[in-house]
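First up is the structure itself, then whatever we jot down about it.
The values are calculated or read from the model by the stated rules, or taken from the named source; none is laboratory data. What you are looking at is a predicted structure, and each value in this text was computed from that prediction instead of being measured. No Cβ is skipped: glycine too gets one built from the backbone with ideal geometry, and neighbour counts run over all protein chains shown.
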């Protein structure tokens, strides 16, 4: 599988809290870096088991994309039962059925 990021924007909100937003310096480079190459990854039984970044991607780009991909993880065996588990070795997650 792979993740291809597109239509990226980096904006900052106004301190006036009026909902207005503006471009951030360097936002064009930010967009290009994230959209340049896909992140290939292995997905097995609800877990990300491998990540294969493209050569030349900066560490921050790979880490941001890993964060997006990790949101798809779910090791819950039964979708009708509440559980607490550890995803990616460090993050404790609780899935609660209501």
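A few remarks follow.
- Count - residues of region 35-52 that are out of contact with any strand residue (DSSP E or B) (no Cβ under 6 Å at 6 or more places or on another chain) and surrounded by 10 or more Cβ atoms within 10 Å (Cβ to Cβ): 6
Yes/no per residue for (1) at pLDDT 95 or above; (2) exposed (fewer than 11 other Cβ atoms within 10 Å of the Cβ); (3) outside any strand (DSSP E or B):
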{"position": "16", "(1), (2), (3)": "no, yes, yes"}
{"position": "33", "(1), (2), (3)": "yes, no, yes"}
{"position": "72", "(1), (2), (3)": "no, no, yes"}
{"position": "79", "(1), (2), (3)": "no, yes, yes"}
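- Selection from region 37-85 of residues that are in contact with a helix residue (DSSP H, G or I) (Cβ under 8 Å, 6 or more places away or on another chain) and within 13 Å of residue 3 (Cα to Cα): 39, 41, 48, 51, 53, 61, 64, 65
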